[in-house]
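Here is the structure we will look at, set down as structure tokens.
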Amino acid sequence: MENELKSILAKFLKINKDQINDGTAIDSSVLQGSVLFHRMISRVNDLYNIEILNYSLIKTYKDLISEIDNLTS
């Protein structure tokens, strides 16, 4: 599912999914506002069938992966 996750993020970040790594910023500062960030998180929630609530903790791709791991383990 990592490939699908990167595809979702790439669409919102407007970059190639191959450019996404642990340090890639994915917070509202790079998404031109919090509305797009929340839409992106909603798609991630749907993909993993989870509910990410700690948005403020997610700044990078690595943060997102950690949060997904916490909710799916």
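Values in this text are rule-based calculations from the coordinates and carry no lab data. This one's a predicted model, so the numbers in the text were calculated from it and none came from an experiment. No Cβ is skipped: glycine too gets one built from the backbone with ideal geometry, and neighbour counts run over all protein chains shown.
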I want to verify a result. In a Gaussian network model of the chain, Cα cutoff 10 Å, which of these has the top mean-square fluctuation: SER56, SER42, SER28? SER56
Got the relative contact order for the stretch 2-72 handy, in percent, Cα pairs under 8 Å and 6 or more residues apart? 33
Limiting things to C-alpha atoms, what are the Rg and the maximum Cα-Cα separation (Dmax) for the stretch 2-72, in angstroms? 10.8, 29
Compute the length gained on full extension between SER29 and LYS11: take 0.36 nm times their separation in residues and subtract their Cα-Cα distance, giving the result in nm to one decimal. 4.9 nm
With a cut-off of 20 Å, note down the residues of the stretch 8-29 whose backbone N falls inside the zone around a label point 7 Å from the Cα of LEU71 toward its beta carbon. 8-13, 21-29
Given the options ILE26, ILE58, ILE50, state which has the largest fluctuation in a GNM of the chain using a 10 Å cut-off (strictly under) for Cα springs. ILE50
If you rank LYS6, LYS17 by fewest surrounding Cβ atoms within 10 Å, what's the result? LYS17, LYS6
